[in-house]
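Inspection log for the structure reproduced underneath, given as structure tokens.
Please treat every number below as a calculation from the coordinates, not as lab data. Remember, it's a predicted structure, so these values are computed and weren't measured experimentally. When we count neighbours, we look across all protein chains shown, and the Cβ atoms used for this are built from the backbone with ideal geometry, even at glycine.
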Ligand SMILES: N[C@@H](CCC(=O)N[C@@H](CS)C(=O)NCC(=O)O)C(=O)O
């Protein structure tokens with residue numbers, strides 16, 4: 001299989017972590033995709049131009065990190081990232097949605113800040129900065145939830161990949177005033193799969 005990524009994509013990082021956690025590194029070749037470039041040859045592979053994108057062994061392509069993670073998780077017939085049943089499952093999905101809300105906003109911020117200076121929107125940058133502050137406050141109140149501290153799950157991975165964008169965005173300062181979130185992240189960041197997928201500086 002081939003996984004198309006960009007090194008700075010937090011969504012691709014989620015999938016790369018799942019590959020390592022599931023012991024699939026020898027089955028998935030990681031390919032750098034030239035995205036957001038006019039006429040990129042990558043558009044012949046994935047017309048949307050987005051990453052992550054998995055080409056399965058049968059040649060079928062899958063887009064969307066959650067779908068790719070689920071596919072990879074089920075390959076061995078022993079999935080570990082399915083949501084729990086019953087009420088626990090709603091709690092898990094609620095927290096995963098909050099982690100996605102954070103990562104989606106930070107991805108917009110990052111994309112905007114990487115545009116040429118004369119094309120950047122101060123309104124968008126300010127909007128996403130304020131959103132990230134509110135979300136960090138929210139996560140400070142949620143991070144002690146048992147689901148965020150028990151067995152590894154996709155909400156934890158997504159939140160860590162979101163917070164890890166501090167390495168890419170010097171204006172993202174989610175730590176001050178959030179000691180519990182900082183402690184959670186620093187502990188999580190020791191995981192070998194997180195270390196191995198470190199984001200490059202901007
Ligand atoms: N919801 C998608 C988001 C993927 C996404 O937005 N990827 C960005 C990189 S972080 C991308 O491919 N950007 C290239 C482009 O917009 O052309 C997922 O979870 O996979």
Problem - Cβ-based exposure ranking for 101, 110, 144, in which fewest neighbours within 10 Å come first - result: 144, 101, 110
Handout entry: Contact order relative to length of the chain, as percent, for alpha carbon pairs under 8 angstrom and 6 or more apart
Key = 23 percent
Exercise for the section: If a/c stays under 1.5 just call it rounded; otherwise compare a/b with b/c (prolate if a/b is bigger, oblate if not). Do that for region 42-100, with a ≥ b ≥ c from the square roots of the Cα gyration tensor eigenvalues. Expected result: oblate
Practice task
Calculate, for residue 167 and residue 141, the FRET efficiency according to 1/(1 + (r/R0)^6) with r their C-beta to C-beta distance and R0 22 Å; round to the nearest 0.05.
Solution key: 0.35
Handout entry: 128, 91 arranged by Cβ crowding within 10 Å, fewest neighbours leading
Key = 91, 128
Fill in the blank from the handout: Quick calc, residue 36 & residue 189: beta-carbon distance into FRET formula, R0 30 Å, rounding 0.05, result 0.60
Fill in the blank from the handout: Between residue 88 and residue 124, Cβ-based FRET efficiency (R0 30 Å, step 0.05) works out to 0.25
Problem - Kirkwood Rh (inverse of mean 1/r, distinct Cα pairs), the chain, angstrom - result: 17.7 Å
Practice task
Take the Cα atoms of region 114-185, find their three principal axes, and give me the spread along each one in whole Å, biggest first.
Solution key: 45, 21, 15
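Given the convex hull of the Cα atoms of region 71-164, what is a quarter of its surface area in nm²?
The directionally averaged projection comes out at 7.5 nm².
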Handout entry: Residues 100, 114 arranged by fewest to most Cβ contacts within 10 Å
Key = 114, 100
Fill in the blank from the handout: Residue separation between residue 198 and residue 64 times 0.36 nm, minus their alpha-carbon distance, gives in nm 46.2 nm
Practice task
Let me know the Kirkwood hydrodynamic radius for region 1-117, please, with Cα pairs as the basis and the value in Å to one decimal.
Solution key: 15.5 Å
Completion exercise
Quick calc: nm separation of the 7 Å Cα→Cβ label points for residue 2 and residue 134 -> 4.2 nm
